[in-house]
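Notes for the one structure printed next.
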Amino acid sequence: MGRPALILVTGPAGSGKTTLAYAVGAALGGPVVSRDAIKEGMAAAEPGFVPTTSDPLTLRTYGTFFANLDLLLRAEVTTVAEAAFQHQLWTQGLGMLDGLADLKVIRCRVDDEVAAARMQRRRTEQPTRAAHADLEHLAAAAPFAPLGLEVPTLDVDTSDGYRPELAVVLAFCRGAPSAT
């Protein structure tokens, strides 16, 4: 049996984690499991859905997200997972996957002003973003607490491109030593 990798791409709303996760997934040749995409698919099945920070779809997303990761990792599929991973419940969900994959974390970082501009822009350009309470959540949320696990971790500034550059991020995902 092989041992897949699970690459967690995390960061606050608007930090560029979705864009980076899909770039990493495409380069590695593996699927991307996105918390936001799962919720958007759920919202598409419920006309008139109005998001809040802890609405029923947000709560259902958690189980669906980890069930997908469990299925892929048990099938030995290297996978990129994208979510904020801030809430303790999400960290506990990662514990359920313990031993199924080699875990690496990419933490996306960006200035608050850049994140807010990105969230505003995508809300007007991507109708599916209506499934999320991003701007409302940001105003009421406590400061973002980066995921801190005892695994290889790489911090990436996504303000203007990627620092370190994408080639370094991909080398990290493929096994190069951590930069943090």
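Odds and ends about this structure:
- In Å², nearest 10: area of Val80 left accessible to a 1.4 Å probe: 0 Å²
- The modelled label-to-label distance for the pair Thr91/Asp155, using points 7 Å beyond Cα in the direction of Cβ, is 1.7 nm.
- The H on the amide N of Val156, modeled in the peptide plane, is under 5 Å from the matching H of Arg107, Cys108, Arg109, each at least 5 residues off or on a different chain.
- Computed accessible area, Val32, all protein chains, 1.4 angstrom probe, square angstrom: 30 Å²
- Backbone HN-Hα couplings from phi across the stretch 14-27 [Karplus 6.51/-1.76/1.60, Hz, Gly and Pro as x]: x, 8, x, 5, 5, 4, 5, 4, 5, 5, 5, x, 5, 5
- Extension reserve of the Arg174-Arg60 stretch, reckoned as 0.36 nm per residue once the Cα distance is removed: 37.9 nm
- These residues, Glu113, Glu76, Glu165, Glu40, go from largest to smallest accessible area, 1.4 Å probe, as Glu113, Glu165, Glu76, Glu40.
- Relative contact order (percent, whole number), the stretch 1-130, Cα cutoff 8 Å, 6+ residue spacing: 48 percent
The values are calculated or read from the model by the stated rules, or taken from the named source; none is laboratory data. This one's a predicted model, so the numbers in the text were calculated from it and none came from an experiment. Cβ sites come from the backbone with ideal geometry, for glycine too, and all protein chains shown count toward neighbours. What goes into the accessible areas is simple: the full protein's heavy atoms, side chains included, and nothing from ligands, DNA or RNA. Shrake-Rupley method; radii C 1.70, N 1.55, O 1.52, S 1.80 Å.
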